[in-house]
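Report on one structure; see the data block that follows.
The values are calculated or read from the model by the stated rules, or taken from the named source; none is laboratory data. Because the structure is a prediction, the values reported are computed rather than measured. Heads up, the Cβs are rebuilt from the backbone with ideal geometry, glycines too, and the neighbour counts pull from every protein chain shown. Protein only, heavy atoms only, side chains kept; ligands, DNA and RNA dropped before computing areas. Shrake-Rupley method; radii C 1.70, N 1.55, O 1.52, S 1.80 Å.
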Amino acid sequence: MSAILKICLLGEWGVGKTTLVRSYLGGETTETYKATIGVDIGSKDLKVNYGGRIHHVVLQLWDLGGQQSLKNIRKNFYASAVGGIVVYDITRPETLKKVPMWLDELWNAVGIVPIVLVGNKIDLREKGLGKITTDEGQRVANEIKAKIQMPVPFVEASALRHENSDKPFEELATLILEKRANKIA
């Protein structure tokens, strides 16, 4: 029997949450921006090697619209989430500055759950558009880890190019299983 793990993808509009989900699910990605209004839901079966055995889980992925106007609607979508992937855009520093707001929104709804921090659009560094360094992203992940006393993996990705688009989901699934086994706070 598979465990169903509800995961919320959080972050400002346009950071690439939808593209990250599409890339992970094996779908087509595009540079064209189309706002998520409310929520898009997808799922994927995953085998996680944890504790010396293979665990079958179903990741239920809730891609939440990042517009401020959707804040009251989002509260309803957090219910029963067991983890979160917080995405920021490495070309837009304000998206990294708002990570704590997104975490507060999630944690106020469901309590402290494991998260992964994702710096997306690393392909744009080649064009000189990267304004947030890897070290800055890692520093924020470390600050969150110190606050919640729980591991906070940090991943840089290019969802558009399918680079590291699977890693945040796999790391989060492992963290959730660890938490369920009471190995972490």
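Checked against the criterion of being touching a Pro at 6+ places or on another chain (Cβ under 6 Å) and under 18 Å from Gln60 (Cα atoms), segment 159-171 contains one or more residues that satisfy it. Evaluation of Asn72 against the conditions (1) under 25 Å from Leu46 (Cα atoms); (2) surrounded by fewer than 24 Cβ atoms within 10 Å (Cβ to Cβ); (3) of a type in the set (S, T, N, Q) shows that the sole unmet condition is (1). Only one of the listed residues (Asp135, Asp89, Asp104) is open to solvent by less than 20 Å² (accessible area, probe 1.4 Å) and of a type in the set (D, E, K, R). That residue is Asp89. Can you find a residue in segment 68-91 that is at pLDDT below 95 and in a strand (DSSP E or B)? Within segment 68-91, not a single residue is at pLDDT below 95 and in a strand (DSSP E or B). Of all residues in segment 15-32, those that are small (Gly, Ala, Ser) have Cβ atoms under 8 Å from Cβ atoms of residues that are open to solvent by 60 Å² or more (accessible area, probe 1.4 Å) and modelled with pLDDT of 85 or more, 6 or more apart or on another chain, in Ser23/His162. Is it the case, given these coordinates, that Val39 is crowded, with 20+ Cβ neighbours inside 10 Å and either modelled with pLDDT under 75 or within 17 Å of the chain's Cα centre (by Cα) (or both)? It is false that Val39 is crowded, with 20+ Cβ neighbours inside 10 Å and either modelled with pLDDT under 75 or within 17 Å of the chain's Cα centre (by Cα) (or both).
Within segment 57-67, the only residue that satisfies the criterion of being modelled with pLDDT under 70 and open to solvent by 10 Å² or more (accessible area, probe 1.4 Å) is Gln67. Within segment 142-165, residues that are under 22 Å from Gly14 (Cα atoms) reach partners that are among the aromatic types (Phe, Trp, Tyr) with beta carbons closer than 7 Å, at six or more positions or on different chains, in the pairs Ser165/Tyr24. Within segment 76-98, residues that are touching a residue at least 40 places away in the same chain (Cβ under 8 Å) sit with their Cβ atoms under 9 Å from residues that are among the charged types (D, E, K, R) and open to solvent by less than 10 Å² (accessible area, probe 1.4 Å), at 6+ positions apart or across chains, in these pairs: Thr95/Asp89; Leu96/Asp89. Give me the residue from segment 141-185 that is open to solvent by 50 Å² or more (accessible area, probe 1.4 Å) and among the polar types (S, T, N, Q) and, out of that set, nearest to Asp89 (Cα to Cα). Out of the qualifying residues, it is Asn164. Of all the numbered requirements in (1) hydrophobic (A, V, I, L, M, F, W, C); (2) open to solvent by 40 Å² or more (accessible area, probe 1.4 Å); (3) in contact (Cβ under 8 Å) with a residue 24 or more places away in the chain; (4) part of a strand (DSSP E or B), Ile54 misses one, and that requirement is (3).
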